[in-house]
Amino acid sequence: MPKLTGFNGEDRYNFLLALVGFLVHRGEVQLAEVAEHFGLEESYIRKALRSINETTAYQGDFQQWPFFIDVDLLDEGIVSLTTAEVIDDVPRLSTRQAAAISAGLGYLATIPEFAGNLEIRALQEKIASGSGASAASPVISIAASPVEMGAETIREAILAGKAISCEYINRKGEKTVREIDPLRIDVQAGVWYLRGYCPINKGVRNFLIEHMRSIEVLEKGISEAAKNVAEIEDATYVAEQTDTTVTVEVMPEAYRLISESQTVNEPKNAGDGLIRAEINVGHLPNIGRLIAKYGGAARVIAPAEAREIVKNYALAALGKTATRISPEVE
């Protein structure tokens, strides 16, 4: 796996804290070992270490440098950290940080693969001991949603190499009983998708897990065609011959509309941060709801029919009369 080349913003700050903690406990260490431990390029580790020398702290009215990296040794590939007596106590997690970690651990504990994991249990106990709560009563308790429960069943099928059956509601609102060969579960912007081989369409399709009902793991394994799938399309929408090509223009807040759609060609820069692209829409009456999700950060340029649907959807949302309202279906 290729190493990361760096972090930005808050992630960089958290990395520097972790790096200092690592060096405090390890003492003098080879640069290559530090890079390997954090999965980062040595060039970025060097840059981060030099920036540590520029950090300052105040003890009373005097400015001090709490950490010092020996740059001469660093040039030889050796990391040596010297600390001053500026930091008296071990940094403590804030209530917000503890709650977020507790929530994540609680969610992991609901996944079958991690149920009964002793390391998760130990971390929960540590978080609870610092919050005044007991380990049996975690800071935050996470209950699996119906979508997550459905994903759990699908995950079992994927691990077992089995096909599934379900009642599925497509984007036109049509209900059908389907058999699917599950391949992968993806979560994008809080929406859960199943990437699965569809025997009807003879190809990989994306299924919204929230539109799946009565999911069952079948006794039969996935088909040979599913096993031979070389690559799974990352876009959350797969183009079909019945699609309508719609030209859209989006602001940065709505870039996800393009990234999660099947584009006809390469998106173009329209200036001032705007991106224009042609996307495939499977059921055109849904374009109103799709554009409305982005609160004015996305607009339809063409065709005229699509523009009319968006306008009428907006009028209906405002309680005004529209010339023609299309049914709201997923």
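None of the figures in this text is laboratory data; all of them are computed from the coordinates on show. It should be emphasised that the depicted structure is a prediction, and the values quoted were computed from it without experimental measurement. Counting neighbours? That spans all protein chains shown, and the Cβs are built from the backbone with ideal geometry, glycine included.
By the Cα gyration tensor, the stretch 244-317 has an equivalent ellipsoid whose semi-axes, rounded to whole angstrom, run 18, 14, 10 from largest to smallest.
Going by C-beta contacts inside 10 Å, put Asp272, Asp70, Asp181 in order with the fewest on the left.
Details: Asp272 6, Asp70 16, Asp181 25.
By the 10 Å Cβ count, ascending, the order reads Asp272, Asp70, Asp181.
When each of Val71, Val147 is scored by the number of other beta-carbon atoms lying within 10 Å, the sequence from fewest to most is Val71, Val147.
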